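A short worksheet on the structure shown next.
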Amino acid sequence: MQGACVLLLLLGLQLQLSLGFIPVEEENPAFWNRQAAQALDVAKKLQPIQTAAKNVILFLGDGMGVPTVTATRILKGQMNDKLGPETPLAMDQFPYVALSKTYNVDRQVPDSAGTATAYLCGVKGNYRTIGVSAAARYNQCNTTRGNEVTSVMNRAKKAGKSVGVVTTTRVQHASPAGAYAHVVNRDWYSDVDLPADAQTYGCQDIATQLVNNMDIDVILGGGRKYMFPEGTPDPEYPYDVSQTGVRKDKRNLVQEWQAKHQGAQYVWNRTELLQAASDSSVTHLMGLFEPADMKYNVQQDPTKDPTLEEMTEVALRVLSRNPRGFYLFVEGGRIDHGHHDTKAYMALTEAVMFDNAIAKANELTSELDTLILVTADHSHVFTFGGYTLRGTSIFGLAPSKASDFKSYTSILYGNGPGYVLGGGSRPDVNDSTSKDPSYRQQAAVPLSSETHGGEDVAVFARGPQAHLVHGVQEETFVAHVMAFAGCVEPYTDCNLPAPSDLSDAAHLAASPPSLALLAGVMLLLLAPALY
Ligand SMILES: [Zn+2]
């Protein structure tokens, strides 16, 4: 019996091994020597771009730790019929990289609120607080006033640039809120979320601050329900009472925002977004595509929901009309949610879309006048190992059995809902189960929501002053590089020469809208009845 088991195990192993792949050219040392020599050549020729940046774009992959970047590289490579790990992401091709230390002032492992304060405002704050220094205390409204810190986006606006926020979460979520809000509790999305003492002391909810605190030219993401009076039916889900407006103060914040700016347009679906993008009379654009967070990319309805790549392109086209340049924050916000749920398929497919958006921005702007930074706010307790064979799915199994004679997935989580209770015995897993999009990878400790990880995250950079992105830095460094490169406060005397004449508007005008965007507009013109 035991012998039969061993035989079956060996057969299984052989089958697994046969799925792996060794590229013939990689057996030859000349392959590696040639490739490294080429990389060396590129490195030797690398020249810092010493001008100011007319435009600054910050891409934030929420929860996109280094293991997530690597796993995303493998997934995206395999989606393009490559083996995976050798195929660079768009962000991998940026010439400068640093590590960012993500801790909050009061927590060794941070959340997305305190970290947003760091990389957007340049000052570290406390866990669950946004846009306030660490002198402000979580949930204590009366510690807000006097402790506000200002985002680089706010300072860029003061310097005459156009500014925008794009995210796949609700636009009032912790990361985007760091660009415009000052709040001691990240959950104060609308006035109904404010406790009585916060109302007494005059603290404002995040949605109110979105329209009150500063003039944001482009706002794209989810979060409709926090903007409308209680009971207002949602346009997309008119019969779902759980999706209606929630504001007790009866304010219509979208209307208030529109009234402030001539040329301000509000849209709530992809069709309207594409129309607005091609309308040059639109100076301000707010697009809210879900009542709360947007859907995961793989669950989107392509006729209703724009992708992050499309939202990024639209934002760039609207913002780049300003001859003084722009500041844009783009968040892949649901990478984090997939991980919290220990559904790696969701996290990594979101991260692929995030990288697609980076590729689009890289293509639509010039490195001569546009600084692009790509980073994460924090990591997750996500890992992948198990000596998997080259070319096997990132969602697949390790080739050997574990000590309990069961299979295990390459991807595992340190904690989270993937822990399976039941007599101390973990379930076996097979290759098809592990590749199911809704599969939860196993976790060592049961939690309803997997936690963030505490290790450093990467910062990738290209464009003017990108060479400053080096070494191991505090997360606040990201904000300071952006402020310095853009010559905005406190670096208005940056002494940097203006970027070369190639204006981004010209660059964008020279590059036609992407095929996807064009196809969308054509369909609109030809067959409006379809929508
Ligand atoms: Zn999170």
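The values are calculated or read from the model by the stated rules, or taken from the named source; none is laboratory data. As the structure is a computational prediction, the values presented were derived from the model and not from experiment. Don't worry about glycine lacking a Cβ; one is built from the backbone with ideal geometry, like all the others, and counts go over all protein chains shown. For the accessible areas, the whole protein counts, side chains as well, though only heavy atoms, and no ligand, DNA or RNA atoms are used. Shrake-Rupley method; radii C 1.70, N 1.55, O 1.52, S 1.80 Å.
Values as computed for the structure displayed
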quantity: Some residue of segment 277-291 being within 30 Å of ALA344 (Cα to Cα), surrounded by 14 or more Cβ atoms within 10 Å (Cβ to Cβ) and among the polar types (S, T, N, Q); calculated: no
quantity: Test for ASP106: is it touching a residue at least 24 places away in the same chain (Cβ under 8 Å), under 17 Å from the mean Cα position of the chain (by Cα) and surrounded by fewer than 24 Cβ atoms within 10 Å (Cβ to Cβ); calculated: no
quantity: Test: residue in segment 48-60 that is away from the ligand (no atom under 16 Å from the Cβ), open to solvent by 20 Å² or more (accessible area, probe 1.4 Å) and in a helix (DSSP H, G or I); calculated: no
quantity: Some residue of segment 472-479 being part of a loop (DSSP other than H, G, I, E, B), modelled with pLDDT of 95 or more and under 30 Å from GLY386 (Cα atoms); calculated: no
quantity: Index of the failed condition, TRP257 passing every other in (1) in a helix (DSSP H, G or I); (2) open to solvent by 30 Å² or more (accessible area, probe 1.4 Å); calculated: (2)
quantity: Check on LEU75, away from the ligand (no atom under 16 Å from the Cβ), more than 20 Å from ALA177 (Cβ to Cβ), open to solvent by 30 Å² or more (accessible area, probe 1.4 Å) and not charged (D, E, K, R); calculated: no
quantity: 1 or more residues open to solvent by 10 Å² or more (accessible area, probe 1.4 Å): qualifying strands (runs of 3 or more DSSP E) within segment 308-390; calculated: 382-384
quantity: Residue in segment 91-102 that is within 15 Å of the ligand (Cβ to nearest atom) and either within 22 Å of GLU331 (Cβ to Cβ) or touching a residue at least 12 places away in the same chain (Cβ under 8 Å) (or both) present; calculated: yes
quantity: Residue list for segment 348-385, restricted to those being of a type outside the set (A, V, I, L, M), more than 16 Å from the ligand (Cβ to nearest atom) and touching a Gly at 6+ places or on another chain (Cβ under 9 Å); calculated: THR349, ASP355, THR365, SER366, GLU367, ASP369, THR370, THR383
quantity: Among the residues listed as SER400, SER425, SER432, SER366, the single one being farther than 30 Å from TYR327 by Cβ and touching a Leu at 6+ places or on another chain (Cβ under 9 Å); calculated: SER400
quantity: Residue match in segment 397-410 (condition: within 16 Å of the ligand (Cβ to nearest atom) and modelled with pLDDT of 95 or more); calculated: no
quantity: Which numbered condition ALA292 misses (of (1) within 16 Å of the ligand (Cβ to nearest atom); (2) not in a loop (DSSP other than H, G, I, E, B)); calculated: (2)
quantity: Spans of helices (runs of 4 or more DSSP H) in segment 144-242 with at least 2 residues at pLDDT 95 or above and open to solvent by less than 10 Å² (accessible area, probe 1.4 Å); calculated: 152-158, 174-177, 206-212
quantity: Hits in segment 401-432 - residues which are assigned to a loop (DSSP other than H, G, I, E, B) and either closer than 30 Å to GLY463 by Cα or in contact with a helix residue (DSSP H, G or I) (Cβ under 7 Å, 6 or more places away or on another chain) (or both); calculated: LYS401
quantity: ALA116 being within 30 Å of THR200 (Cα to Cα), in contact (Cβ under 8 Å) with a residue 12 or more places away in the chain and open to solvent by 10 Å² or more (accessible area, probe 1.4 Å); calculated: no
quantity: One residue from PRO497, PRO437, PRO464, PRO490 being within 23 Å of VAL381 (Cα to Cα), at pLDDT 95 or above and either within 16 Å of the ligand (Cβ to nearest atom) or not in a strand (DSSP E or B) (or both); calculated: PRO437
